[in-house]
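Scroll down for the structure; my scribbles are underneath it.
The values are calculated or read from the model by the stated rules, or taken from the named source; none is laboratory data. Everything numeric in this text was worked out from a predicted model, so none of it was measured. What goes into the accessible areas is simple: the full protein's heavy atoms, side chains included, and nothing from ligands, DNA or RNA. Shrake-Rupley method; radii C 1.70, N 1.55, O 1.52, S 1.80 Å.
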Amino acid sequence: MPAAVAPEAPAEPASEAAEGHEHAPRVARSVSNKPLIDEEKAREHAESKAQSGIKVRPAVRRGTPRARRMNLSLTRLNVWSVGKVSFMMSIAGALIQIVAAALVWVLLNVVGVFDQITQIVASTGLNADGFNLAQVFSLPTVLSAVTIFSIIEIVLFTLLAVIVAAIYNVVSSLVGGVHVTLGDD
């Protein structure tokens, strides 16, 4: 024989249950989670509302805040923007390359590598017409060659980046782009 179940009393609404308990008033907070007003003023405000008959929701205590996550999709690249950024980055790379080449040449010259290689070539008997490696690889010659090479690199790198961005836009329209999940720490 099944046991008889007694009917339960209807539950009190949350607002009536909250009136019997003393809760801290809600405090407006800024983005940095600091209160916009101090707690004393917030209590005074809540008490004035309670005296006037206006019901105030009790503050909800939350545990430690969880990190927020956001899923985004990179679906299109602006080709003009990619071209501008890649051009500026390739110019920066070219300047670094020219300065590095000048520093390496000065270092090799100070250490005497060019003179030693010239002496090695002369000792083998291949010294034809006073071969001097320092004259062949002089600083202006090296910097001119590196500058020409850097200009070609600037053009090629910029064109390659623009072509890759255009291809990415086509492929992205087919498959939906790259999906990225960003999160707060």
Next item on the list: Could you check how much of the accessible area of the stretch 69-185 is carbon and sulfur, as a whole percent, using a 1.4 Å probe?
Entry: 73 percent
Item checked: Rounded accessible area per residue of the stretch 73-156, 1.4 Å, Å² -> 70 Å²
Note to self: Can you work out the Karplus-derived ³J(HN,Hα) for every residue in the stretch 164-174? Use 6.51 cos²θ - 1.76 cosθ + 1.60 with θ = phi - 60°, whole Hz, and x for glycine or proline.
What the structure shows: 5, 5, 5, 5, 4, 4, 5, 5, 5, 5, 7
Notebook entry, point to check: For Leu77, which sequence-distant residues (separation of 5 or more, or a different chain) have an amide H within less than 5 Å of its own amide H, given hydrogens modelled in the peptide plane?
Noted result: Asn169
Note to self: Could you give the length gained by full extension between Glu39 and Val171, i.e. 0.36 nm per residue of separation minus their alpha carbon distance, to one decimal place?
What the structure shows: 42.0 nm
